[in-house]
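The values are calculated or read from the model by the stated rules, or taken from the named source; none is laboratory data. Given the structure is predicted, the values throughout are model-derived calculations rather than measurements. Ideal geometry is used to build each Cβ from the backbone, glycine not excepted, and the neighbour counts take in all protein chains shown.
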Amino acid sequence: MSLPTLRVPAVSGRPEVLLRPFAVEEEAEARAAHAELAAENFDFLLDPYVPGRRSEELSWAEWLHGHERHAEGLDLPRGHVPALFLAAEAHGQLAGRVSVRLDLNAWLETFGGNIGYGVRPAFRRRGVASQILAGALQLLGEARDVTSAVVTCDPENRGSEAVIRGAGGAPAPVPDGEGRSRFLVPVPAR
Ligand SMILES: CC(C)(COP(=O)(O)OP(=O)(O)OC[C@H]1O[C@@H](n2cnc3c(N)ncnc32)[C@H](O)[C@@H]1OP(=O)(O)O)[C@@H](O)C(=O)NCCC(=O)NCCS
């Protein structure tokens, strides 16, 4: 699967959100978003693994291409799963990002989950994360024959927990999963 584009329609006061690949001309904006979220210890831009290259020496074109490869299950470090790394656009601007892990390894099953998202501070409390999660669940359901997704958050992350519960997430703790809140979220049927 190459990186998809999905329009999540506006619903009950929440804005339309476009999930799409990061764009060639978007490097400066993406790096600005990364700096904003870094202040909260959240990695907005995840670096792909590109064989023979260190992440800090990747050009933006290599970075984009690396995520295209990972979406297709190519160039993955051992144990890593195919993933869709997408920008989230709201009101025509880069508002957030999402990583949709299409499969689960042991770490993702208990800790990381299928879906990870972040929203830039200026776009928060408007339903953007809720829209991102809805779109990510749809993309997961289109790519894999699953009925639920694992989505996790830090126990003190009230915002993320509200987003997960708002998508129908039901607590599903694991015995060795202390330090992380873990939920099973319904994936819409194809
Ligand atoms: C957590 C985060 C994704 C929420 O994004 P957002 O776009 O503001 O979320 P939404 O607007 O969709 O909020 C959905 C619900 O959560 C509630 N909510 C959002 N942020 C909240 C907060 N900080 N405290 C309490 N509730 C919060 C909203 O009130 C809303 O409830 P409602 O639908 O009843 O009004 C965003 O704050 C963020 O990116 N934080 C840093 C990165 C991060 O924590 N990512 C998640 C990792 S698990």
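Quick look at the values:
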| item | result |
| --- | --- |
| Filter result for the condition that a residue is surrounded by fewer than 21 Cβ atoms within 10 Å (Cβ to Cβ), in contact with an Asp or Glu (Cβ under 7 Å, 6 or more places away or on another chain) and under 23 Å from Glu68 (Cα atoms), over Leu108, Leu94 | Leu94 |
| Options Leu86, Leu74, Leu46: the member that is more than 16 Å from the ligand (Cβ to nearest atom) and at pLDDT 95 or above | Leu74 |
| Residue list for the range 149-160, filter: more than 8 Å from the ligand (Cβ to nearest atom) and either modelled with pLDDT under 95 or more than 20 Å from His80 (Cα to Cα) (or both) | Pro155, Glu156 |
| Test: residue in the range 74-83 that is in a strand (DSSP E or B), on the phi < 0 side of the Ramachandran plot and touching a Phe, Trp or Tyr at 6+ places or on another chain (Cβ under 6 Å) | no |
| Failed condition for Gly135, given (1) farther than 22 Å from Leu76 by Cα; (2) more than 13 Å from the chain's Cα centre (by Cα) | (2) |
| Candidate set: the range 110-132, residues that are of a type in the set (Gly, Ala, Ser) and under 25 Å from Gly177 (Cβ atoms); chosen: the one nearest to the chain's Cα centre (by Cα) | Gly116 |
| Single residue of Ile132, Ile164 found to be over 13 Å from Arg101 (Cα atoms), in contact (Cβ under 8 Å) with a residue 40 or more places away in the chain and in a helix (DSSP H, G or I) | Ile132 |
| Selected residue (only one of Glu89, Glu109 is of a type in the set (Asp, Glu) and assigned to a helix (DSSP H, G or I)) | Glu109 |
| Matching residues, the range 179-190, being within 16 Å of the ligand (Cβ to nearest atom) and either aromatic (Phe, Trp, Tyr) or not in a strand (DSSP E or B) (or both) | Gly179, Arg180, Phe183 |
